[in-house]
Amino acid sequence: NPFDLFHGTNYEIPFWSRRPTVVTIHDLSLLLLSGVHSDKLVWRARWRLPWMAKRASKIITPSNSIKTELCEAFGIHPDKVSVTPEAPRPVFKKREDPELLRRLGLEGDFILFVGTIEPRKNLRRLVEAFDRMLRNTSLSPKLVIAGGQGWMMDDFVSFVRQQGVGDRVCLTGYLEDEDLCGLYSSCAAFIYPSLYEGFGLPPLEAMACGAPVITSRTPALLETVGNAARLIDPKDVDDIALAMTEMLSDVRAREHYAELGKVHVKKFSWEQTVQKTLEVYRELLR
């Protein structure tokens, strides 16, 4: 086909085209954390990812940490890789929705997680930490997990039941943006204890809606949230439990992180994402 440039947004570009190509590589979790993905996906990534990275005229990553990992893993020259941060869409802003909360049975404080339910998101440790907080304090919030079904979903649901906290954990399934705004805007705290991310968009969406954020102390998430979130060790259940306890017990802490988040998220915009992407196109087309 007579296109001038092809941009594959999920490491897919034409193998044999002589036209300029751009490939977006969001992260290397399929290679670096192969144990939290299905064997089929890992096999495909191991074969295709290095090939696509070397074949592309230019590579886009959402963060500098992924750029570094990519260059080290595949021997890519840094000049070939452009960093184009993402941003919350404009729909994400403070918008309380009492009817949504009634429908979901959320009458008091709740902690919110948003994301696909899969092992990489570290939800087992989150549930363990939540259970530990309920047992060791007088706090009694709910834990709301909003996200579509991912790999090993059934195993996770069974795990929640085994922990004995099923009545305090609300699995909403996939929600549209408007409903997510209502949850972000009303939660006592948003928590994102992911083991690995390429960027980490949900924490920024939460900040845009005025929620105080707890998230992992990992390279890409540190780059995304800066000092505007309460940071945790995602592999330390006690640390996760402590962060939730502190945020729920201390109104000033919630207000502090909510205010930091409101200021920090303004550094990101889709207009900036568009401009940086266009710069890559123009460079190649010149």
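Brief remarks follow.
- The requirement of being closer than 17 Å to Met244 by Cα, open to solvent by less than 10 Å² (accessible area, probe 1.4 Å) and either part of a strand (DSSP E or B) or touching a Lys or Arg at 6+ places or on another chain (Cβ under 6 Å) (or both) is fulfilled nowhere in segment 149-170; no residue meets it.
- Identity of the residue in segment 207-225, in a loop (DSSP other than H, G, I, E, B) and free of Cβ contacts under 8 Å to residues at least 40 places away in the same chain, that ends up surrounded by the most Cβ atoms within 10 Å (Cβ to Cβ): Thr218
- Residues located in segment 13-58, provided they are part of a loop (DSSP other than H, G, I, E, B) and either at pLDDT below 85 or loosely packed, with under 13 Cβ neighbours inside 10 Å (or both): Phe15, Trp16, Ser17, Arg18, Leu33, His37, Ser38
- A search for C-beta distances below 7 Å between a residue of segment 38-58 that is under 21 Å from Lys80 (Cα atoms) and any residue that is among the charged types (D, E, K, R), counting only pairs 6+ apart in sequence or on different chains, returns Lys58/Lys80.
- For Val274, the test of being free of Cβ contacts under 8 Å to residues at least 40 places away in the same chain and either open to solvent by 10 Å² or more (accessible area, probe 1.4 Å) or within 21 Å of Leu139 (Cβ to Cβ) (or both) is passed.
- Arg103 passes every criterion in (1) within 30 Å of Ser158 (Cβ to Cβ); (2) part of a loop (DSSP other than H, G, I, E, B); (3) out of contact with any Leu (no Cβ under 9 Å at 6 or more places or on another chain) apart from (2).
- Residue count for segment 1-12, restricted to those that are open to solvent by 60 Å² or more (accessible area, probe 1.4 Å) and more than 16 Å from Tyr281 (Cβ to Cβ): 4
- Flag for Leu126 being part of a helix (DSSP H, G or I), buried (at least 16 other Cβ atoms within 10 Å of the Cβ) and hydrophobic (A, V, I, L, M, F, W, C): yes
The values are calculated or read from the model by the stated rules, or taken from the named source; none is laboratory data. Remember, it's a predicted structure, so these values are computed and weren't measured experimentally. Virtual Cβ from ideal backbone geometry, glycine too; neighbours counted across all protein chains shown. For the accessible areas, the whole protein counts, side chains as well, though only heavy atoms, and no ligand, DNA or RNA atoms are used. Shrake-Rupley method; radii C 1.70, N 1.55, O 1.52, S 1.80 Å.
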